[in-house]
Amino acid sequence: MIAEIGQYALILALALALVQMVVPAWGAAKGDPVLMGVAAPVALAMLIFVGGAFACLVALYVTSDFSVANVVENSHSQMPLVYKITSTWGNHEGSMLLWALVLAVFGALVALFGGNLPDRLKANVLAVQASIATAFLLFILLTSNPFLRVLSPPGEGRDLNPVLQDPGLAIHPPLLYLGYVGLSIAFAFAIAALIEGRIDAAWARWVRPWTLTAWIFLTLGIAMGSYWAYYELGWGGWWFWDPVENASLMPWLAATALLHSAVVMEKRDALKVWTILLAILAFSLSLIGTFLVRSGVLTSVHAFATDPLRGVFILAILVVFIGGSLALFALRAGELRQGGLFAPISREGALVFNNLFLTAATASVFVGTLYPLALEALTGDKITVGPPFFNLTFGGLMLPLVFAMPFGPLLAWKRGDLLGVAQRLMLAAGFAVVAAVVTAAATAAVSEERGPVLAPVAIGLAVFIIAGALTDIAERAGIGRVSARLAVRRLTGLPRSTFGTAIAHLGVGICLLGIVSESAWSLEKIAAVRIGETVTIGTRDLTLARVENRAGPNFTSRVAVFEIREGGISQGTVEAAKRQFAARQMATTESGIRTFGFSQLYVSIGEEHADGALSMRATWKPFVTLIWLGAVVMALGGLLSLADRRLRVGAPKPARMRRGALPAAAE
Amino acid sequence: MTRKGRRLILIGSALTVLALAAGLILTALNDTIVFFRSPSEIAEHKVAPGARLRLGGLVEAGSVAKQGTAVRFTVTDGNAQVPVTYTGILPDLFREGQGVVAEGVVQTDGSFKADTVLAKHDERYMPREVADALKKQGHWKEGEPGGPPAPAPVRSTVQ
């Protein structure tokens with residue numbers, strides 16, 4: 001019964017999406033306010049129906065209804081409740097439904113909070129949103145229906161993939177989808193602007209909060225996924241340059257570029273055409289990411305060719321939306337009004353620099369991800385494009401970008417003074433040099449040849465970014481130039497978005513610190529130990545105390561307990577385990593992690609040998625938590641920016657009033 | 001400066017970054033990609049020793065020998081066998097008779113020194129390169145694995 005209700009709710013949601021796609025757009029074209037007004041209530045109704053369908057699927061999972069194929073494939077009655085709920089989206093069909101739900105949520109948010117949008121823009125944005133919803137609801141109903149029944153219900157389900165039986169599944173996909181799908185709003189705004197053939201600074205002011213929201217979720221989602229892979233896969237790697245990861249990194253890079261170019265458009269009315277193109281590209285990359293992950297093309301080019309329905313359907317969605325939007329862009333971009341001028345050395349110039357390198361970095365990830373697929377499809381050659389490729393290309397392109405990062409916010413709009421900015425960054429540069437020298441001396445003192453030469457330089461770069469972000473705030477408050485009281489008053493008077501920028505940039509520096517120290521100075525020990533034997537890693541001794549069996553709800557686990565000592569003083573224990581899941585006859589490795597300050601001790605175990613020895617790997621990861629902490633700080637910066645009054649309180653009416661106010665900044 | 005002049009600077013810098021990106025990508029594609037090879041291809045000496053590559057096939061039954069954390073096993077595709085050495089912890093799904101992908105370097109004696117061993121995280125699932133290689137040799141047929149594809153490969157690495 002519940003399955004059928006879910007199915008009907010989905011079909012009704014599809015009908016509503018069709019209405020929301022056609023009626024408001026027609027109204028906008030004819031200038032009919034009644035037809036345009038249909039968009040908002042229908043968007044809310046669609047959320048109710050898609051939400052209802054999703055709730056039905058959750059209910060089926062919670063009650064372990066094994067008459068539904070999707071539940072049989074991915075659930076087990078013995079699973080803890082939280083995993084019964086999360087397995088709703090731990091599979092293809094359910095995750096597509098979550099995708100559609102997030103899309104409906106964003107559509108409803110525009111309907112609710114878009115009160116200050118011009119009617120035509122709002123109607124067109126919601127119509128474009130609905131066209132995406134139509135495509136994905138059709139995809140779910142035709143190729144990936146989660147509500148299909150089985151003829152003879154089995155007594156027990158086949159369990160969720162054990163790797164996914166983790167709290168990470170509760171957080172990671174929803175966060176990531178909020179980011180992915182949130183970019184659809186920027187896309188819808190871009191298409192609406194192209195349809196109207198009109199765009200202005202106010203447009204950028206409306207788009208920025210939505211992009212920022214999506215960007216915050218995407219940042220947190222990627223960081224969360226990285227940490228999940230780190231502790232769950234038992235290898236201790238935090239980024240694999242796996243196509244699935246790249247699929248989420250590419251939209252993030254494009255969204256980051258979009259955030260920066262939208263600033264130029266909002267403040268200076270320039271870079272309009274480019275900003276529109278970025279908005280289209282960012283969401284297109286989200287769609288491509290969905291295609292890569294969901295079509296099965298990564299698992300096998302051949303499986304894709306032999307069971308083409310899903311893949312071809314998503315491919316068709318890609319062609320229609322990306323091709324259609326780019327065609328519209330090509331037709332209309334020429335009509336958009338030219339914006340303000342700026343000198344190459346200026347804030348605008350710096351943001352263009354940022355955009356150039358970010359898009360080039362996106363392109364390098366794109367090539368590295370798709371080249372093996374293309375090569376195999378064309379020649380049959382199988383290759384792997386791994387970390388060395390991305391380290392060289394992506395790393396090479398990010399290096400100038402992060403070096404230039406402290407300069408950007410200090411440059412003036414229109415025409416900047418690079419020399420003056422360089423002078424103001426002298427203190428930050430001083431800190432960076434000191435940090436690099438101290439790091440080099442410290443690593444030389446610890447051992448003769450440990451660590452690459454470049455690592456201290458990279459540490460210096462990270463410190464430069466952090467100190468540069470702080471310099472930006474200090475300069476604006478006039479610390480050191482004006483009285484302390486005035487400086488404090490200025491500091492509190494600074495717009496939140498200024499703090500947002502500085503903190504987000506600070507986050508990049510923190511993240512870089514973590515990345516460099518983890519890659520350069522991790523220590524690793526692999527050994528086979530018996531009970532009572534000790535392995536030394538760095539300054540710590542790990543002693544295998546005991547190995548014992550424990551029973552979980554739907555698995556049994558073999559747990560190794562290690563005692564940690566530093567200089568003879570006990571620091572407690574760390575437990576690493578192997579879990580055996582009966583339903584799928586699969587084992588997973590549960591790594592043991594202890595955090596000391598910002599560093600972590602990471603222990604995982606392998607098989608037990610006949611002579612009682614246990615294979616184990618211990619890794620000391622210095623400052624590894626800074627990687628994710630940096631991402632959280634970045635998101636925090638985004639949140640502060642989002643809280644800026646200028647973005648919340650009544651965005652001004654479209655440029656009619658500004659057109660005269662902003663003289664073309666020519667000389 | 002005129003509008004035109006500024007636009008030229010903009011386009012010029014865009015082209016420079018593009019050229020830099022293209023240069024980096026082409027260099028990296030030349031130097032860093034790793035080809036997938038089957039045991040037959042290695043046995044036929046198609047591969048020069050010292051080249052980094054991925055070797056895929058089945059772990060031959062009875063071939064696994066462990067000494068502490070050092071492991072030796074043989075990878076086969078039914079026609080040829082390649083002895084593999086590896087030090088470290090093997091992935092959970094590494095088993096005799098199962099598919100495996102090892103990344104490493106061919107030695108001058110024709111053996112393979114692996115620094116990474118991958119096995120997919122699903123009991124029914126075969127790494128796709130292995131499946132294709134075995135199909136080529138006629139030892140495995142489509143339809144056997146079934147079920148949903150696995151998420152991410154589980155890695156085991158010594159650097």
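Only the coordinates and a few stated rules stand behind these numbers; no lab work does. Here the structure is a predicted model, which means the values were calculated and not measured. For neighbour counting, all protein chains shown are included, and Cβ atoms are generated from backbone atoms with ideal geometry for every residue, glycine included.
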What spacing in nm lies between the two simple spin-label points modelled at A:E475 and B:A65, each 7 Å away from Cα in the Cβ direction? 6.7 nm
As computed over the stretch A:183-324, the Cα convex hull volume per residue (Å³): 106 Å³
Nearest-20 debye value, chain A charge dipole, Cβ charges on Lys, Arg, Asp, Glu: 2560 debye
Summarise the partner chain shielding of A:519-531 as one whole number: the mean count of Cβ atoms from other chains within 10 Å of each residue's Cβ. 2
Treating the beta-carbon of each Lys and Arg as +1 and of each Asp and Glu as -1, no other charges, what is the dipole magnitude of the stretch A:55-202 about its Cα centre, to the nearest 20 debye? 240 debye
What do you get for Rg/Rh over the stretch B:1-121 if you use C-alpha atoms and the Kirkwood form of Rh? 1.32
Taking a ≥ b ≥ c as the square roots of the Cα gyration tensor eigenvalues, with a/c under 1.5 meaning rounded and otherwise prolate when a/b beats b/c, else oblate, which class fits the stretch A:327-379? oblate
Fraction of alpha-carbon pairs over 47 Å apart in chain A - percent: 22 percent
By the mean-Cβ-within-10 Å protection proxy, highest first, A:544-555, A:33-44, B:63-74 rank as A:33-44, B:63-74, A:544-555
How large is the Rg to Rh ratio of the stretch A:523-621 when both quantities use alpha carbon positions and Rh follows Kirkwood? 0.98
How big is the convex hull of the Cα atoms of the stretch A:407-517, per residue, in Å³? 118 Å³
Suppose a student asked you for the relative contact order of the stretch A:523-621, using Cα pairs under 8 Å spaced at least 6 residues apart; what percent would you report? 25 percent
Mind scanning B:K46/B:K66; A:K382/B:K113; A:K267/B:K4 and naming the pairs with a C-alpha gap bigger than 26 Å? B:K46/B:K66
Specify which residue in the list A:Y602, A:L194, A:L629 is farthest towards the positive end of the charge dipole of the protein assembly as shown, using unit charges on the beta carbon of Lys, Arg (+1) and Asp, Glu (-1), about the Cα centre. A:L194
Averaged over residues of B:16-24, the number of beta carbons from other chains lying within 10 Å of each residue's Cβ is 6
Counting alpha carbon pairs within less than 8 Å and at least 6 residues apart, what relative contact order, in whole percent, applies to chain A? 12 percent
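Based on DSSP H runs of at least 4 residues, each adding -39500 (n - 2.57), what is the mean residue ellipticity at 222 nm of chain A after dividing by all its residues, to the nearest 500 deg cm²/dmol?
-21500 deg cm²/dmol
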Starting with the highest mean, order A:563-575, A:229-241 by the number of other Cβ atoms within 10 Å, averaged over the residues of each peptide. A:229-241, A:563-575
Any idea what the relative contact order of the stretch A:194-400 is, in percent, if you count C-alpha pairs under 8 Å spaced at least 6 apart? 26 percent
Over the whole of A:390-397, what's the average partner chain Cβ count within 10 Å per residue? Rounded to a whole number, please. 5
Kindly rank A:501-511, A:108-118, A:278-288 from highest to lowest mean number of other beta carbons found within 10 Å of each residue. A:278-288, A:501-511, A:108-118
